[in-house]
Amino acid sequence: MGAVLGAALRAAEHAVVGVSALSEASRERAETLLPGVPVLEVQEIVERAELVLLAVPDDALPGLVDGLAKLGAWQPGQLVAHTSGRFGVGVLHPVRAAGAVPLALHPAMTFTGMSLDLTRLLDCTFGVTADAAMLPIAQALVVEMGAEPVAIAEADRTLYHAALAHGSNHLVTLVAQASELLRSVGVELPERMLGPLLRATLENALASGESALTGPVARGDVGTVAAHAEALREFDGGGHGDVLAAYLAMARATALRAEGRGLLKPDQLEGLRHALDPKED
């Protein structure tokens with residue numbers, strides 16, 4: 001993400017004074033996306049830069065910020081932005097204490113670290129958090145990268161990030177599981193079968209929300225759901241794998257949402273609950 005956002009800022013005529021690249025893969029990304037930019041130590045970059053962009057794993061961010069503060073690296077008036085979805089500006093307290101300006105700029109996008117990611121920014125939204133007086137600066141940086149800023153309150157950052165992770169990361173798991181099941185019954189190219197269906201489903205869900213809900217759970221087809229559960233239990237070796245657990249959890253959630261929309265009668269909901277957990281009286 002760091003190399004991609006750095007390249008976007010460079011395209012907006014910001015001068016990139018240095019990049020940190022510890023692994024061979026990160027050095028290759030830097031060479032591809034930021035040609036000519038020197039690879040420097042983190043402290044040296046912080047000393048040179050008016051804007052520091054911290055693109056590190058969530059769990060590494062607090063220690064990095066605090067460690068640089070103990071070295072006296074942060075400078076008054078300097079802009080310091082991180083790309084973590086989980087954190088707001090509270091994690092940058094050592095930055096604020098040094099007189100620098102904390103910003104949180106998180107792109108709601110998945111990146112590959114290649115140049116094609118730059119085009120994804122043009123259809124991307126950033127969750128931005130900053131002090132009220134500094135929010136226009138955070139928003140302007142996002143706009144310069146070609147994306148759209150959406151303000152997220154400090155207290156809402158974790159829930160905001162959970163929403164994105166639930167929607168994006170778990171989608172990959174669901175697709176992988178569905179592909180595994182299709183391969184097990186002889187479908188050689190499950191992506192060709194799933195692709196049109198999943199794209200249509202996603203487009204319908206984004207356009208119509210829960211009105212797009214279809215399938216045996218939403219219809220109250222108890223027998224079909226029970227058959228699914230039994231087949232997946234056998235596939236998972238008696239229910240010890242991850243596929244059955246995911247199906248049951250999502251089917252239960254779908255049933256509750258279908259009931260909330262008036263799609264299921266009480267007896268249908270009860271039947272689904274029994275089908276999804278036959279041991280439950």
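Observations on the structure shown:
- Top-ranked residue of the range 80-104 - restricted to ones that are in contact (Cβ under 8 Å) with a residue 40 or more places away in the chain and in a strand (DSSP E or B), ranked as farthest from residue 8 (Cα to Cα): 104
- Answer residue from the range 23-59, given it is closer than 20 Å to residue 114 by Cβ, assigned to a helix (DSSP H, G or I) and touching a strand residue (DSSP E or B) at 6+ places or on another chain (Cβ under 8 Å) and is most open to solvent (accessible area, probe 1.4 Å) among those: 27
- Within the range 247-261, the residues that satisfy the criterion of being farther than 15 Å from residue 211 by Cα and crowded, with 17+ Cβ neighbours inside 10 Å are 247, 248, 251.
- Per the listing 147, 176, 165, the residue uniquely touching a residue at least 40 places away in the same chain (Cβ under 8 Å), small (Gly, Ala, Ser) and either under 27 Å from residue 236 (Cα atoms) or open to solvent by 60 Å² or more (accessible area, probe 1.4 Å) (or both) is 165.
A quick yes/no check of all residues on (1) among the aliphatic types (A, V, I, L, M); (2) assigned to a helix (DSSP H, G or I):
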site: 197; (1), (2): yes, yes
site: 201; (1), (2): no, yes
site: 205; (1), (2): yes, yes
site: 224; (1), (2): no, yes
site: 234; (1), (2): no, yes
site: 237; (1), (2): no, no
site: 249; (1), (2): yes, yes
site: 254; (1), (2): no, yes
site: 258; (1), (2): yes, yes
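- Among the numbered conditions (1) buried (at least 18 other Cβ atoms within 10 Å of the Cβ); (2) more than 24 Å from the chain's Cα centre (by Cα), the only one that residue 72 does not meet is (1).
- Cross-chain or 6+ apart pairs with Cβ under 7 Å, the range 217-230 first and without any contact (Cβ under 8 Å) to a residue 60 or more places away in the chain, then polar (S, T, N, Q): 217/254; 218/254; 220/268; 222/268
- Some residue of the range 107-114 being closer than 29 Å to residue 249 by Cα, in a strand (DSSP E or B) and open to solvent by less than 60 Å² (accessible area, probe 1.4 Å): yes
- Failed item, numbered, when residue 62 is tested on (1) open to solvent by 30 Å² or more (accessible area, probe 1.4 Å); (2) out of contact with any helix residue (DSSP H, G or I) (no Cβ under 9 Å at 6 or more places or on another chain); (3) outside any loop (DSSP other than H, G, I, E, B); (4) without any contact (Cβ under 8 Å) to a residue 40 or more places away in the chain: (2)
Results for (1) of a type in the set (A, V, I, L, M); (2) out of contact with any strand residue (DSSP E or B) (no Cβ under 8 Å at 6 or more places or on another chain); (3) over 26 Å from residue 43 (Cα atoms), shown as yes or no for each residue.
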site: 117; (1), (2), (3): no, yes, yes
site: 142; (1), (2), (3): yes, no, no
site: 153; (1), (2), (3): yes, no, yes
site: 158; (1), (2), (3): no, yes, yes
site: 161; (1), (2), (3): no, no, yes
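- Any chance residue 263 is more than 26 Å from the chain's Cα centre (by Cα), of a type outside the set (Ser, Thr, Tyr) and closer than 15 Å to residue 227 by Cβ: no
- Top-ranked residue in the range 115-137 [being assigned to a loop (DSSP other than H, G, I, E, B), at pLDDT 95 or above and of a type in the set (A, V, I, L, M, F, W, C); ranked as least open to solvent (accessible area, probe 1.4 Å)]: 134
The values are calculated or read from the model by the stated rules, or taken from the named source; none is laboratory data. Bear in mind that the values here come from a model prediction, so they are computed numbers and not experimental data. Don't worry about glycine lacking a Cβ; one is built from the backbone with ideal geometry, like all the others, and counts go over all protein chains shown. Heads up: the accessible areas ignore ligands, DNA and RNA and are worked out on the full protein's heavy atoms, side chains in. Shrake-Rupley method; radii C 1.70, N 1.55, O 1.52, S 1.80 Å.
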